[in-house]
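Below is one structure, written out as structure tokens; comments come after it.
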Amino acid sequence: MGTSKGTNTGGVGGEGWSVAPEPYTDPDSVVLRRAYYAELAGRYYHRTMTEAEIDEALIADFPDDDLVLPTGEFVVGRLAGAALACGGFRLLDPETAELTRVYVDPRTRGTGGGGAVLAALEGVARSLGARRVILDTRSDLVEARSLYAKHGYDEIPAYNDSEYAQHWFGKRL
């Protein structure tokens, strides 16, 4: 069962933003997922990632095939019709959703896109029975940590042993 297009949060979280579920394989979703990984890995390795490295990572290291109903969801945020933000979650158990792939194009950070994506993901997770949302992130992703704190996420004890995680956050829905 895949995701469907068309649900709109009505711009929740930011003036002019709309967020809707879209398959992670749609062209706009792929562009955003590639940008997410390019920034994430580029910061980590302190260099620009090659297209081949991004391809390999998205297929082998960071597959998104569980970001579809009923195991999760992927959403795209649009500002003035342009796909500029995204995010997903996967259900770890019937009551716990893990956020992943939350990304806002750097040119539009601070305009409410991140909050709109979080609100949409939390709403879908809640509708699937999740009672809490968790996530991990790195210390160098200061914008992400700020976004989560601003939207009610608190630091929690580590729930995984990911070599890329240095901070863990959670929020009750």
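Take peptides 117-128, 158-169, 30-41 and line them up by average Cβ neighbours within 10 Å, highest first, as a rough protection proxy.
Numbers: 117-128: 21.3, 158-169: 13.2, 30-41: 18.8.
By packing density, highest mean first, the sequence is 117-128, 30-41, 158-169.
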### Query
If you average the sequence gap of Cα pairs under 8 Å that are 6 or more apart and divide by the length of the chain, what percent do you get for the contact order?
20
### Query
Check LEU173: other-chain or 5+ apart residues with amide H under 5 Å from its amide H, H built from backbone geometry?
ARG132, VAL133
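In what sequence, largest accessible area first, do ILE156, ILE134 appear using a 1.4 Å probe?
On the way: ILE156 50, ILE134 5 Å².
Ranked from most to least accessible, the order is ILE156, ILE134.
With 27 Å as the cut-off, how large is the P(r) tail for the chain, expressed as percent of Cα-Cα pairs? Can you show the working numbers first?
Working: 2662 of 14878 pairs.
When all Cα pairs of the chain are counted, 18 percent exceed 27 Å.
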### Message
Given a 1.4 angstrom probe, I'd like the percentage of the accessible area of the range 21-173 that is carbon and sulfur, rounded to a whole number.
### Response
54
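Taking only protein heavy atoms into account and a 1.4 Å probe, give the accessible area per residue of the chain in Å².
Working: 8530 Å² over 173 residues.
With the other protein chains kept in place, the chain gives 49 Å² per residue.
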### Message
Please report, in whole Å³, the volume per residue of the convex hull around the C-alpha atoms of the range 45-102.
### Response
125
### Task
List every residue whose amide H lies under 5 Å from the amide H of GLY72, counting only residues 5 or more places away in sequence or on a different chain, with H placed 1.01 Å from N in the peptide plane.
LEU91
### Amide proton proximity set for TYR24, modelled H, under 5 Å, gap of 5+
none
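Assuming a ≥ b ≥ c are the square roots of the Cα gyration tensor eigenvalues, decide whether the range 82-135 counts as rounded (a/c under 1.5), prolate (otherwise, with a/b larger than b/c) or oblate. Intermediate results must be reported in sequence, preceding the final value.
On the way: a/c = 2.94, a/b = 2.37, b/c = 1.24.
The shape class here is prolate.
The values are calculated or read from the model by the stated rules, or taken from the named source; none is laboratory data. Since we're looking at a predicted model, the values are computed, not measured. So basically every Cβ, Gly included, is an ideal-geometry build from the backbone, and we count neighbours across all protein chains shown. Protein only, heavy atoms only, side chains kept; ligands, DNA and RNA dropped before computing areas. Shrake-Rupley method; radii C 1.70, N 1.55, O 1.52, S 1.80 Å.
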